[in-house]
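Enquirer: Got a structure here, written out as structure tokens. Questions coming.
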Amino acid sequence: MVSPIIKATGIDKYYGTYRALTDISLEVANGEFLALVGPSGCGKTTLLKILAGFEDLSAGSLVIDGEDMTEIPASARPTRMVFQKLALFPHKTVAQNIGFPLHLAKRPKPEIDAAVRRMLELMHLKESYLNRYPHELSGGEQQRVALARSMVSQPPVLLLDEPMSALDAKLKKSLQAELKHLHRHVGTSFVHVTHDLEEAMMLADRICVMRAGKIVQLGEPSEIYYRPANAFVAGFIGDTNLLPAKVTREGDAFRFACDVLDCANPIMAADQVAPGVAGGAEAALMIRPEMLRLLAPGESADCTITGTVNEYFIRGASIQYRIAAAGTEIVMDIPGTSTLPAKQGDPVKLGLALGDLFAVEA
Ligand code: ATP
């Protein structure tokens, strides 16, 4: 990274004797959108608060925008934080709320007015909202006003702590689009904590997966999704099948044996095996549900799975099947159709391309 806007090195955080963060090293590029994901309690909010200056770090160093942050209070940092529970000023109008940071900075009124209008436009809020009060807005609109206020002074870094978790699915989708739009039009770097993995995949340039206070993997969404570092990341990001397998090195490639899969030539390329899987180790083969397809009678594939339909869920654009095979349950997503290709109790044969397999540590 040429000159990262955020450079965290070896950060530890203790609450009393409890170690909430262990040796966190992380760089965020100028203008990057980074998503922080991980199970509840893994330390996402703690890390965000350390970046914002609301918590001290116990060890390590933090440089933001080229400056050591150790002695810099939250109010003087080049960061803004947007919380899950936003706090708009109830007795100020939308215009006064959005313009507040510039008002505090004693900017001239014409400059504040112009900046407020620009934010309004970027967040796709109507001009007629300017004189309304927060209670006269919907939850989604209030959230947009809060985002507009956090961005109006164009901070180099915006820290978002699950700003959409309280919204319903449809509102969330539209606000996600606004957020992406906003990110594209301002030079700000975003660090976004979310529980919603689809949201992380959709919005972020890179995803940082955390577990128990440590970074488990940091990479582009496709890397995290198709090349997870281990079974934890594979299972955490999206639905997945993890099948126990034996993987052994064979020249430049790897041979595998798995009770569930029937493959004519069970060989994987070296880049289909996670670095942690040493030859001969107990491994798991990751198969994403959408990589499986339903084979017609007589149709073949590199690998097949024979089983019986346990259940299916019609999800509109796709149908999810749960299939009993060799003592386990396989999840398969196929494109939605108006005629159901198989129903409960039907015997089925699934097909898979060898190139779609990926082996992780069991
Ligand atoms: P969630 O997804 O549920 O919001 P998180 O990943 O953001 O979780 P944190 O809020 O960072 O997790 O908390 C990390 C750990 O530190 C948790 O075990 C939490 O109980 C603990 N913790 C957080 N704040 C404090 C505090 N002020 N004092 C003591 N322990 C704390």
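Enquirer: When a/c is below 1.5 the answer is rounded, else prolate if a/b is larger than b/c, else oblate, so apply that to region 85-167 with a ≥ b ≥ c taken from the square roots of the Cα gyration tensor eigenvalues.
Expert: Oblate, since a/c reaches 1.5 and b/c is not below a/b.
Enquirer: Sticking with this one: How charged is the neighbourhood of Leu137? Take every other residue with its Cβ under 11 Å from the Cβ of Leu137, and add Lys/Arg as +1 and Asp/Glu as -1.
Expert: Cβ neighbours under 11 Å give a net charge of +1.
Enquirer: Sorted by mean Cβ packing within 10 Å, highest first, what order do the peptides 220-232, 314-326 take?
Expert: Going by the mean number of other Cβ atoms within 10 Å, highest first, we get 220-232, 314-326.
Enquirer: On a C-alpha basis, how far is the centre of region 10-62 from the centre of region 330-353 in Å? Whole number, if you could?
Expert: Using only Cα atoms to place each centre, the spacing works out to 43 Å.
Enquirer: Around Glu55, which amide H atoms from residues at least 5 apart in sequence, or from another chain, sit under 5 Å from its own amide H, with H modelled in the peptide plane?
Expert: For Glu55, whose amide H was placed from the backbone, the distant partners under 5 Å are Ile50.
Enquirer: Using just the C-alpha positions of region 1-82 as equal point scatterers, what log10 of I(q)/I(0) does the Debye formula give at each q in 0.20, 0.23, 0.24, 0.25 1/Å?
Expert: Values returned for q = 0.20, 0.23, 0.24, 0.25 Å⁻¹ are -0.93, -1.23, -1.33, -1.43.
Enquirer: If you don't mind, there's one more thing I want to ask. For the ranges 23-32, 10-19, what's the packing order if you count other beta-carbon atoms within 10 Å of each residue, average per peptide, and put the highest first?
Expert: With the highest mean Cβ count within 10 Å placed first, the list reads 23-32, 10-19.
Enquirer: Using the Cα gyration tensor of region 190-327, with a ≥ b ≥ c the square roots of its eigenvalues, what is the shape: rounded (a/c below 1.5), prolate (a/b larger than b/c) or oblate (neither)? Before the final figure, lay out the partial values.
Expert: On the way: a/c = 2.18, a/b = 1.21, b/c = 1.79.
Taking the square roots of the gyration eigenvalues as a ≥ b ≥ c, region 190-327 is oblate.
Enquirer: So for the chain, Kirkwood radius off the Cα pairs, Stokes-Einstein at 10 °C and 1.306 mPa s: how many µm² s⁻¹?
Expert: The Stokes-Einstein estimate is 69 µm²/s.
Enquirer: Considering amide H positions built from the backbone, and no H for Pro or chain starts, which residues 5 or more places from Phe358, or on another chain, come under 5 Å of its amide H?
Expert: Close amide H contacts, sequence-distant or interchain: Met286.
Enquirer: Okay, moving on. I'd like the antiparallel share, as a percent to the nearest 5, of DSSP beta bridges with both residues in the chain.
Expert: Of the beta bridges lying entirely in the chain, close to 75 percent run antiparallel.
Enquirer: If one computes the Cα centroid of region 253-327 and of region 176-250, what distance in Å separates the two points?
Expert: Centre-to-centre (Cα) distance: 22 Å.
Enquirer: Tell me the mean residue ellipticity at 222 nm calculated for the chain from its helices only (DSSP H runs of n ≥ 4, each -39500 (n - 2.57), averaged over every residue, nearest 500).
Expert: On the way: 8 runs with 83 residues, N = 362.
Helices in the chain give a 222 nm mean residue ellipticity of -7000 deg cm²/dmol.
Enquirer: Mind listing the phi-derived Karplus ³J(HN,Hα) values for region 151-162, rounded to whole Hz, using 6.51, -1.76 and 1.60 with θ = phi - 60°, and x for any glycine or proline?
Expert: 9, 5, 8, 6, x, x, 10, 10, 10, 10, 9, 6
Enquirer: Reported to two decimal places, what Rg/Rh ratio describes region 200-249 when computed on Cα atoms with Rh from the Kirkwood expression?
Expert: Taking Rh as the inverse mean 1/r over Cα pairs, Rg/Rh reads 1.01.
Coordinate-derived values only; no laboratory data. For clarity, every value in this text was computed on a predicted model and none was experimentally measured. For neighbour counting, all protein chains shown are included, and Cβ atoms are generated from backbone atoms with ideal geometry for every residue, glycine included.
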